[in-house]
1. Return the residue satisfying two criteria in turn: it lies in the range 58-90 and is assigned to a loop (DSSP other than H, G, I, E, B) and under 24 Å from residue 21 (Cβ atoms), and of such residues it is nearest to the chain's Cα centre (by Cα).
2. For the range 35-57, what are the residues that are at pLDDT below 95 and assigned to a loop (DSSP other than H, G, I, E, B)?
3. Out of the residues in the range 1-34 meeting the condition of being over 12 Å from residue 82 (Cα atoms) and at pLDDT 85 or above, tell me which one is surrounded by the most Cβ atoms within 10 Å (Cβ to Cβ).
4. When both residues are 6+ apart or on different chains and their Cβ atoms are under 9 Å apart, which pairs have a first residue that lies in the range 12-24 and is under 13 Å from residue 100 (Cβ atoms) and without any contact (Cβ under 8 Å) to a residue 24 or more places away in the chain, and a second that is part of a loop (DSSP other than H, G, I, E, B) and among the aliphatic types (A, V, I, L, M)?
5. Tell me which of these residue 67 doesn't satisfy, since it passes every other one: (1) out of contact with any Asp or Glu (no Cβ under 8 Å at 6 or more places or on another chain); (2) closer than 21 Å to residue 29 by Cβ; (3) of a type outside the set (A, V, I, L, M, F, W, C).
Amino acid sequence: MIPPDHPDAPKYWVNETGGVLPRVVKKYLGGSSLCPMDVMYMRAYFRQWAFSPVWDRNPHRTPESERELADLRRRVDDIKDLRGVYEWLKLATAMGMDPL
């Protein structure tokens, strides 16, 4: 298992020091709508999460899980609105990932 502070581990929003991403995530978790800029921040956050090299090192990966990961990575760029954020998160959590 790779520790959370390892350079290849996905970076959690709660550790973001710029202040923007935590505000956006809290807004989403609170049920508020997101403006286009908020969606952009979520998409960027999910992109770094999905493309973290740690997922490629899963010792339990199967051909199906590799296809799911490739699909999740491909779909991150399709996030254009709040529904896209929700749909992407649904896919990620179904794979056992919880970026929020």
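The values are calculated or read from the model by the stated rules, or taken from the named source; none is laboratory data. Because the structure is a prediction, the values reported are computed rather than measured. Neighbour counts run over all protein chains shown; Cβ positions are idealised from the backbone, glycine included.
1. Within the range 58-90, the match that is nearest to the chain's Cα centre (by Cα) is 79.
2. 51, 52
3. 21
4. Partner pairs satisfying both residue conditions: 24/34.
5. Just one mismatch for residue 67, condition (2).
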